[in-house]
Structure formats: C-alpha cells, structure tokens
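**Student:** If you scroll down you'll find the structure; I have some questions about it.
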Amino acid sequence: MSWRWPVSRRTVLPSGRLLTLRPLERADRPGWESLRRRNETWLSPWEATVPGEVRRPLSFRRLRRGLDLAAREGSLLPFVIDVDGELVGQMQLFDIVWGSRASGWAGYWLDEGSTGRGYATWALATLVDHALLSAGLHRVEVGVRPENVASIAVVHRLGLPEEGLRRGLMHVDGQWRDHRCFAVLAEDLRPGGYAAGGLVERLRREG
C-alpha cells in the first residue's frame, strides 16, 4: 500500500485551465456552503439517502473532520474539484477496502453551472490514476443510475468497461436504485492495457 494523506493531484486541461483535486480546507467553508445551497435542487435527485431517516445537512466543520479522519484511516479519498482556484464540486473514492480486494467506489457531484466543460471527466480520470498508479489500489468501480445520461457519457469517454446492472445497489433520493456498473483495474493502466499510462494520458491521446 502506497497510502498518504493529505495529497493533491493537478491536471492541465486542454483549455489550459488547471484542475486540482485537493482536500477540503477550512478556508473553503464560505464557498462550499454557497455552492451547496445554490445546487440543492440540482443535486437532490442524485444524492445518497438512508432508509427511514430524514436527510439533515451536516455542518461543514463536522463534514471536514469526518472526511479527514476517514482519509487518514485509508477508507476514503475525499477531494474537492478546484478549477483555477474556484471550487466547482467534489470527487471521492469511498468504501475503500484493502487486503485481498484493494478496491473502492468513485463518486462525484458538480456545480450545475460548471457542467458541460469536461471537468467531471478529467477529475474522474485524475482520481482513478492516483488510486491505481499511486495509492496502491487494484480496482476502482463506478456505479451510475441508468437515467443519468451525463455520467454515462463520462464513463464512456474514459472507456471504462461495463460489468452489468446491479439491482437496488444504493438508496438514492428516497428509493433503492439500480445502477449500471463500470470498473477499471490497475492492469488497464499499465503497458499493454487499454489505458496504458493512465486515463489522463488516454484522454490526451484521443484529443
């Protein structure tokens, strides 16, 4: 395992803008809270819920503390998506397990006004590259609801192999939802793999 936290990863986009995956910082509070308020209606249909529980917002302080603790324990990689110094969303690897599986699930949310610019695609590529090439994981999975056209387009652009439909995989927006599941292995990013050199390099090669 090559785990360390905190860590940041930077990728220069084709537009020349700098996309950074980095930890949530204390100074992010005003921007993060504003972003969440502005996007509440936009994000609500896609966010995980707990059966029988009323959704209650978590305070920024408790959220940040919980994310940092889980990251230091190796069960979570919680990043914000920062583009040229502007916070536009979050990208994380959750449910990380080690030992014989060494895998985790990727998920993200993005500001509605920042969609359509490739940020989610490049951020997910950057996360996967870090997880499989640097952090010591073997497998990253991505579950996408069939009706989430935008996220389906992201995994297709990255060429992630689809492994099928998992029924009732996650409780989202008050109901158990089916998800189409995609996965990438460390071998896929090594010489001979379909994304040799990493998903970021694959995106650059394909233009």
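**Student:** Considering only protein heavy atoms and a probe of 1.4 Å, how much of the accessible area of the chain is carbon and sulfur, as a whole percent? Intermediate results must be reported in sequence, preceding the final value.
**Tutor:** On the way: 5360 of 10890 Å².
It is 49 percent, rounded to a whole number.
**Student:** Can I ask one more? Using only Cα atoms, locate the centre of the range 180-207 and the centre of the range 31-65, then give the distance between them in Å, rounded to an integer.
**Tutor:** Taking the Cα centre of each part, the range 180-207 and the range 31-65 sit 32 Å apart.
**Student:** [x] 18.8, 63; [y] 16.4, 48; [z] 18.3, 60: which one is Rg and Dmax of the Cα atoms in Å as calculated from this entry?
**Tutor:** [y]
**Student:** Do the sum for the chain: with -39,500 (n - 2.57) for every DSSP H run of n ≥ 4, divided by all residues, what is the mean residue ellipticity at 222 nm, to the nearest 500 deg cm²/dmol?
**Tutor:** Mean residue ellipticity, 222 nm, calculated: -8000 deg cm²/dmol.
**Student:** Let me ask you something else. Just tell me the longest site-free run in the chain, where the sites are GluC sites (Glu not before Pro) in a DSSP loop having at most 15 other beta-carbon atoms within 10 Å.
**Tutor:** Working: sites that count: E25, E47, E53, E147.
With GluC sites (Glu not before Pro) excluded where exposed in loops, the chain gives 54-146 as its longest stretch.
**Student:** Tell me the net charge near A186. Cut-off is 12 Å between Cβ atoms, A186 excluded, with +1 for each Lys or Arg and -1 for each Asp or Glu. Intermediate results must be reported in sequence, preceding the final value.
**Tutor:** On the way: positive: R139, R190; negative: D129, E187, D188.
With Lys, Arg at +1 and Asp, Glu at -1, the net is -1.
The values are calculated or read from the model by the stated rules, or taken from the named source; none is laboratory data. Every value quoted in this text rests on a predicted model; they were computed, and no experiment measured them. Here the Cβ is made from the backbone with ideal geometry for all residues, glycine too, and neighbour counts use every protein chain on show. Remember, those area values only see protein heavy atoms, side chains included, never the ligands or the DNA or RNA. Shrake-Rupley method; radii C 1.70, N 1.55, O 1.52, S 1.80 Å.
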